[in-house]
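Undergrad: Sharing a structure, written as structure tokens. Questions coming.
The values are calculated or read from the model by the stated rules, or taken from the named source; none is laboratory data. Everything quoted here is computed from the prediction, not taken from an experiment. Virtual Cβ from ideal backbone geometry, glycine too; neighbours counted across all protein chains shown. Side chains are part of the model used for accessible areas, which takes the heavy atoms of the whole protein and leaves out ligands, DNA and RNA. Shrake-Rupley method; radii C 1.70, N 1.55, O 1.52, S 1.80 Å.
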Amino acid sequence: MGIQTYTARLIYTNKLTPDVYQLAFELPPDQNIVFEAGQYMIMFVPQEGGVPLRKLYSIASPSYQTGAFDLLVKTIEGGRASEYVARLKEGETVMFQGPAGRFVLEKNERPKMFLCTGTGIAPIRSMILTELYKGLKTD
């Protein structure tokens with residue numbers, strides 16, 4: 001399945017640090033997102049003049065979660081997308097495209113080691129939660 005366009009509703013916001021937000025978005029009941037852990041979504045940030053700014057954010061939720069997705073967003077003082085994210089209220093809708101990207105786990109039995117900092121944990125979180133779930137389902 002290729003890149004799709006979604007209108008997702010913000011259902012949960014958690015300010016993890018003074019500049020990092022966890023955002024949970026829910027899709028309409030007639031839509032699902034199919035992605036591989038490690039992929040990202042493109043958020044459309046409304047701008048004056050009508051042409052939205054596009055920001056890429058890695059999906060932080062596991063791939064078995066198909067009716068919703070989580071993002072971890074680091075805000076930057078004065079950043080257009082950062083200001084938009086900081087003002088978002090639960091219940092508001094946001095346009096996205098995705099999933100996209102090729103940063104996914106190789107399907108092999110070799111041990112994995114993950115190194116990341118800050119919001120770089122988002123795709124790794126998705127990978128670990130997905131792999132843990134797969135392991136639990138086979139037992």
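Undergrad: For region 75-96, which residues satisfy the criterion of being buried (at least 16 other Cβ atoms within 10 Å of the Cβ) and in contact with a Phe, Trp or Tyr (Cβ under 8 Å, 6 or more places away or on another chain)?
TA: Of everything in region 75-96, those that are buried (at least 16 other Cβ atoms within 10 Å of the Cβ) and in contact with a Phe, Trp or Tyr (Cβ under 8 Å, 6 or more places away or on another chain) turn out to be T75, V85, V94, F96.
Undergrad: Considering only residues of region 15-35 that are assigned to a loop (DSSP other than H, G, I, E, B) and open to solvent by 30 Å² or more (accessible area, probe 1.4 Å), which is nearest to L132 (Cα to Cα)?
TA: In the first step, residues of region 15-35 are kept if they are assigned to a loop (DSSP other than H, G, I, E, B); the result is 18-19, 27-35.
Subset that is open to solvent by 30 Å² or more (accessible area, probe 1.4 Å): 18-19, 28-32, 34.
Working: P18: 30, D19: 29, P28: 27, P29: 26, D30: 28, Q31: 25, N32: 22, V34: 18 Å.
Per the criteria, the residue is V34.
Undergrad: Something else about it: Which condition breaks for G38 when tested against (1) under 11 Å from the mean Cα position of the chain (by Cα); (2) modelled with pLDDT of 95 or more; (3) surrounded by 17 or more Cβ atoms within 10 Å (Cβ to Cβ)?
TA: The number of the failed condition is (2).
Undergrad: Could we say that Y12 is open to solvent by 30 Å² or more (accessible area, probe 1.4 Å), under 15 Å from the mean Cα position of the chain (by Cα), closer than 24 Å to G118 by Cβ and touching a residue at least 24 places away in the same chain (Cβ under 8 Å) here? Give the steps one after another, and end with the answer.
TA: Values: open to solvent by 30 Å² or more (accessible area, probe 1.4 Å): yes; under 15 Å from the mean Cα position of the chain (by Cα): yes; closer than 24 Å to G118 by Cβ: yes; touching a residue at least 24 places away in the same chain (Cβ under 8 Å): yes.
So Y12 passes the test.
Undergrad: Residue check: is Y57 out of contact with any Leu (no Cβ under 6 Å at 6 or more places or on another chain) and within 23 Å of T119 (Cα to Cα)?
TA: Working: out of contact with any Leu (no Cβ under 6 Å at 6 or more places or on another chain): no; within 23 Å of T119 (Cα to Cα): yes.
Considered against the rule, which asks whether it is out of contact with any Leu (no Cβ under 6 Å at 6 or more places or on another chain) and within 23 Å of T119 (Cα to Cα), Y57 comes out as no.
Undergrad: Identify the residue in region 41-74 that is closer than 15 Å to A100 by Cα and aromatic (F, W, Y) and, among all such residues, is surrounded by the fewest Cβ atoms within 10 Å (Cβ to Cβ).
TA: The extreme case among them is F44.
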